[in-house]
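The values are calculated or read from the model by the stated rules, or taken from the named source; none is laboratory data. What you see is a predicted model, and the numbers here were worked out from it, not measured in a lab. Reconstructed Cβ throughout: ideal geometry from the backbone, glycine too, with neighbour counts over all protein chains shown. Each accessible area value is taken on the protein alone, full model and side chains, heavy atoms only, with ligands, DNA and RNA left out. Shrake-Rupley method; radii C 1.70, N 1.55, O 1.52, S 1.80 Å.
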Amino acid sequence: MNAIVTLNEVVKEYRLGSVVVPAVRGVTLAIDTGEFLSIAGPSGSGKTTLLNLIGCVDTATRGTVTVDGQNTATLSERALTDLRLHKLGFIFQSFNLIGVLNVFQNVEFPLLLLGNVSKVERTRRVEKIIEQVGLSEHIRHRPNELSGGQRQRVAIARALVTNPRIVLADEPTANLDSVTGDKIIQLMKHMNDNQDTTFIFSTHDPKVTRYADRVIRLKDGQIDDENGVPAKPLAVSA
Amino acid sequence: MGQLILIATQNLLQHKRRNLLLGIAIALVTAMLITLLGLSAGIETTMLRSATTLSSGHINVAGFYKVTSGSAAPLVTGHKELERLVRENTPHLDYTISRMRGWGKVISDTTSFQAGINGVDIDTERGLKNVLRLAPQKDYKPGGTEEIRGNLDNLREPNTVMLFVEQAKRLEVDVGDQLTISAPTPRGVSNTLSVSVVAIAKDVGFMSGWGIFVPNQTVRDIYQLTEDTTGAIMVYLDDIAKLEEVENHLRQLVAKAGHRLMEKDSNPFWMKFERVGNEDWIGQKIDITNWEDEISFMSWTIQSFDALTGILVMILMILVAVGIMNTLWIAIRERTREIGTMRAIGAQKGMISKMFLLEAAVLGFASTAIGALAAVLIAYSINTSGVVIPSEAFQLFTMSETLHVLVRPQTVVFSVGLLTMFTTLSALYPAYRAAKLKPITAIHHVG
C-alpha cells in the first residue's frame, strides 16, 4: 500500500505569551490509502492538532507533513487551500454546517468552490450522496430543522461530495448520543469500504475505536506505543 | 456567485431587526439625497426657464457699438441681416427673438426707481408669454379686486410698458396709468418718454425687480436709434445640452460672415462696459455669450445649493458607513466559525471577502432602491399637492411660489449606484479582516 499521509518528526508548539506549549512532540507516522484510522487519546493529547496538521489548516513548527505527495510546508496559503478543496474532506465535532443553507445547498457548496462542475452534474452528485447518507427526505431542510445525527450525516455528505482522497473527522461522535454515534461511525466505515477514501478520525471514546483498521494512541503529544497499535515505520522514498 | 448572493441574503434576513434598522437609515439617506438633488434640479429648471425668458437667450448674439474709442453702447447694428444669418444656419434652433437693451429711471406720480429697460416684439416672444402670468389687481393695489387687468399683447402698441407686481406696488400704479421713462444717452443727455401701463405680471423671483418691458420701438425712440438696431439676438435651442457646440458654431459662422468678434468673456454684458470703453477700437463688435455668462450668479447659487446637499449627504453617508462596518463586525464575530469552516473546506480568502462585500451590497442596493422609490413618491406628492414655499425670501430665490422637485431617472440611477457603492466600500475593511482570519483560529472560535 502507498502512504497518502506521512508525518516525520512533526512538532507543533503554541506560544502563550512567553510560555511555549508543545501540542505535538515528534510524531512520525504513515497512513495508507484507504485506511480507516482512528487517532485516540484523552483530551489535550494532541489529537485535534494532529488532524489540523494533516488537514493543512495548521502548519508544523518542525518536521515534515506530506499529503498526497506534497510537502505542506512548501505550499503557499492559496495552494494549501486548493489542496484542502481537492484532496481533503472535513467532518467537525459540531457539524459546522452553514446555517442559512439547506441540506442540498450545504452539500453542494464544495462543488461550487471547485468551479468546474456543471449544475446538472452537481445536482446528480449531491442527490446521490444525500441518498447514500439517508437524508433524501430532508434535502430542503435547514440544519436547525435536523437532529444532531442528521446534521453529522450532512457533514459527511459534504465531506465526501468532492470525492476527496482523505476525510478528516475530529471527534465526529462527541456531540451525539452513543446509538447515533455508532451509526455515524458505521456510515463512515461503509463509505470507506465502498470508496477508496482514507478516513482519519479522532476520538476519545474506546467504543468507537473498535471500527478502526488501526488505532494511533496519543499521550501528551506523542504516540503511545505501549498502549496502542504502534505506528508503521515511515516509508522513506528515494 | 449565486450561492454567495443566497448566503448574503439569507444572513441579512436572519438578523432582521439589526439589518432593518440599518436598511432604513440607508433608505432615508438615499431618499434625502434624491429629494435634495430633485429640489435642486427643480429650482434650477424653474430659474433657468425664468431667467432665460426674462434676461437672456440660451445663446446671445449681442455686442457693442463704439462711436468713439472711449464710449460703448450695447447695440448691434444691421441686426436684421445678422438675425437672418443666425436663424438660417443654427443647428438645434427653436426660435430667435430680438431685444433692445437700455437703462433708465421709471417715474410715477409718487416715486421712481432705476431699472433695466427690455425692448420686446411681443408677437415673437413665445417664452415670455409662457412664463409670465398677469396678476389680479389685489396683488399690487390695496383694496384691489380679483380682476386681471391689461393684456401682454398690448405691448404691440407704441409707448406702452409691462411691470411686475413689486414694481407696480412701489410706483403705486395700475393698468392704464402713465409713467415716465428717463434714460441717459451716450451723448450725456437724458431723453424722456411717457408710457402707458398695459399689463402687470406676477413676480418671477428676484430678477423681476430688475427690469421693465416695453416695445422695441419705444427703446429705439428713447435712444433715437434706427430700425435696424437691436440690443441682442437671443437664440433658443430645442436641446440646451447642445449649447457649447452651437455657441462655437455661431462664433465661426458670425466671424466667417465678416463680423468682428469680441474675445470670449464669461461675464454679463453690463459688466463689460468699462473694459470695452477702454479698448482702442471703434465701430461694431459682436459678442456671443450664453445664459450662464449672462446670469452666472445663478450657476453659483445652484452650485452652492448642490454643495450644501453634498456636505449634508456626506455626513449622513459617514454615519451609514459606521453603521455598516459595525454591523459587519458583529456579523463576522457571529460567523467566525462559519468562515473557518468555509476556509477549511477550500474557500479562498477572496471568496470570504466577496461574501461579506456582497452582503453589504445586497443590503445597500435593496435599501437604496426602497429609498429611491420613497423619494419618487415624495417628489410626486410635493409636485401634485403644490406645496407653497413659506418664506418669501426663498420664493424670490427659487423664482417660484411653490416647491417643484424634479427627479430625473439619471439622478435616481446615480444616487442608487453611489450609495450602493459607498455601502459596499464601507464593508471592504471588515471583509478583508474576515478573509484574513486563519482557518484554524476561526474553526475553534467560541462566541
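Please work out the FRET efficiency for the pair B:Phe394 and B:Ile315, using the Cβ-Cβ distance as r and a Förster radius of 30 Å; give the result to the nearest 0.05.
Here the calculated transfer efficiency is 0.85.
Can you give me the Cα centroid spacing of segment B:72-130 and segment B:309-331 in angstrom?
52 Å
Which of these, A:Arg214, A:Arg165, A:Arg124, has the largest mean-square fluctuation under a Gaussian network model of chain A (Cα springs below 10 Å)?
A:Arg124
So what's the Cα pair-distance distribution over segment B:101-224, bin width 5 Å, in %?
Once binned at 5 Å, the Cα pair distances of segment B:101-224 give 2, 12, 23, 26, 21, 11, 4, 1, 0, 0.
Quickly work out the B:Asn151-to-A:Asn163 label distance, labels modelled 7 Å from Cα along the C-beta direction, and quote it in nm with one decimal.
9.4 nm
Could you state the orientation-averaged shadow area of the convex hull built on the Cα atoms of the protein assembly as shown, in nm² to one decimal?
45.8 nm²
For B:Lys141, give me every one of the lysines with a C-alpha distance below 20 angstrom, ignoring sequence neighbours fewer than eight places off in its own chain.
The qualifying lysines are B:Lys169, B:Lys202.
For segment B:185-318, what is the charge dipole size about the Cα centre, in debye to the nearest 20, if Lys and Arg each add +1 at the Cβ and Asp and Glu each add -1 at the Cβ?
It comes to approximately 300 debye.
In square angstrom, rounded to the nearest 10, how much accessible surface does B:Val313 have for a 1.4 Å probe?
Number for this one is 0 Å².
Hey, how many Å between the Cα centroid of segment B:385-447 and the Cα centroid of segment B:37-53?
24 Å
Quick one: accessible area per residue over chain B, 1.4 Å probe, rounded to a whole number of Å²?
About 46 Å² of surface per residue is accessible.
What accessible area, in Å² to the nearest ten, does a 1.4 Å probe give for B:Leu358?
So the heavy atoms of B:Leu358 present about 30 Å² to solvent.
What angle, in degrees between 0 and 90 and rounded to the nearest 10, separates the Cα long axis of helix B:2-14 from the longest principal axis of the Cα atoms of chain B?
That helix lies at roughly 90 degrees to the long axis.
Report, as an integer, the average count of C-beta atoms from other chains found within 10 Å of each Cβ along B:346-358.
Taking all residues of B:346-358 together, the mean is 3.
Given R₀ = 22 Å, FRET efficiency for B:Thr226-B:Gln252 by Cβ-Cβ distance, to 0.05?
0.20
Leaving out ligands, DNA and RNA but keeping every protein chain, what accessible area does A:His190 have, in Å² rounded to the nearest 10, with a 1.4 Å probe?
100 Å²
Kirkwood hydrodynamic radius (Cα pairs, Å) of segment A:1-69?
12.6 Å
Counting pairs of alpha carbon atoms under 8 Å apart in space and at least six apart in sequence, what relative contact order in percent does chain B give?
For chain B, the relative contact order is 27 percent.
Just subtract the alpha-carbon distance of B:Trp329 and B:Glu292 from 0.36 nm times their residue separation and send over the number in nm, one decimal.
Net length gain for the segment: 8.4 nm.
Each residue of segment B:15-21 in order: what ³J(HN,Hα) in whole Hz does its phi give by Karplus 6.51 cos²θ - 1.76 cosθ + 1.60, θ = phi - 60°, with x for Gly and Pro?
After applying 6.51 cos²θ - 1.76 cosθ + 1.60, I find 10, 4, 4, 4, 6, 5, 4 Hz.
Between their Cα atoms, which of A:Lys219/B:Lys436; A:Lys119/B:Lys438; B:Lys66/B:Lys256; A:Lys183/A:Lys207 are more than 24 Å away from each other?
A:Lys219/B:Lys436; A:Lys119/B:Lys438
Can you tell me the FRET efficiency between A:Asp32 and A:Arg78 if r is taken as the Cβ-Cβ distance and R0 is 45 Å, rounded to the nearest 0.05?
Working from the Cβ atoms, E equals 0.95.
Which order do B:Glu227, B:Glu279 take when ranked by solvent-accessible area (1.4 Å probe, heavy atoms of all protein chains), largest first?
B:Glu227, B:Glu279
Which is the longest stretch in chain B that no exposed loop site breaks, taking sites as chymotrypsin sites (Phe, Trp or Tyr not before Pro) with a DSSP loop state and at most 16 other Cβ atoms within 10 Å?
For chymotrypsin sites (Phe, Trp or Tyr not before Pro) (loop position, at most 16 other Cβ atoms within 10 Å), the longest site-free span of chain B is B:1-209.
Show the residues, 5+ positions off or on another chain, whose built amide H is closer than 5 Å to the amide H of A:Asp32.
A:Ile4
If a paramagnetic tag sat 7 Å from the Cα of B:Asp121 along the Cα-Cβ line, which residues of segment B:188-226 would have the backbone N under 15 Å from that point?
Under 15 Å, as judged by backbone N against the label point of B:Asp121, lie B:215-220, B:226 of segment B:188-226.
Using Cα springs under 10 Å in a Gaussian network model of chain B, which residue among B:Arg84, B:Arg149, B:Arg101 shows the largest mean-square fluctuation?
The residue with the greatest mean-square fluctuation here is B:Arg84.
With the crude spin-label approximation of a point 7 Å out along Cα→Cβ, what separation in nm comes out for A:Lys207 versus B:Lys129?
About 10.0 nm, to one decimal.
What Rg and what Dmax come out for chain A when only alpha-carbon atoms are used, in angstroms?
Calculated on Cα positions, Rg and Dmax stand at 17.6, 54 Å.
Taking chain B as a Gaussian network, where each spring joins two C-alpha atoms under 10 Å apart, which residue of B:Thr45, B:Thr111, B:Thr96 fluctuates the most?
Among B:Thr45, B:Thr111, B:Thr96, the largest GNM mean-square fluctuation belongs to B:Thr111.
If you count the DSSP beta bridges with both ends in segment B:101-224, what percent of them are antiparallel, to the nearest 5?
Counting DSSP beta bridges with both partners in segment B:101-224, the antiparallel share is about 70 percent.
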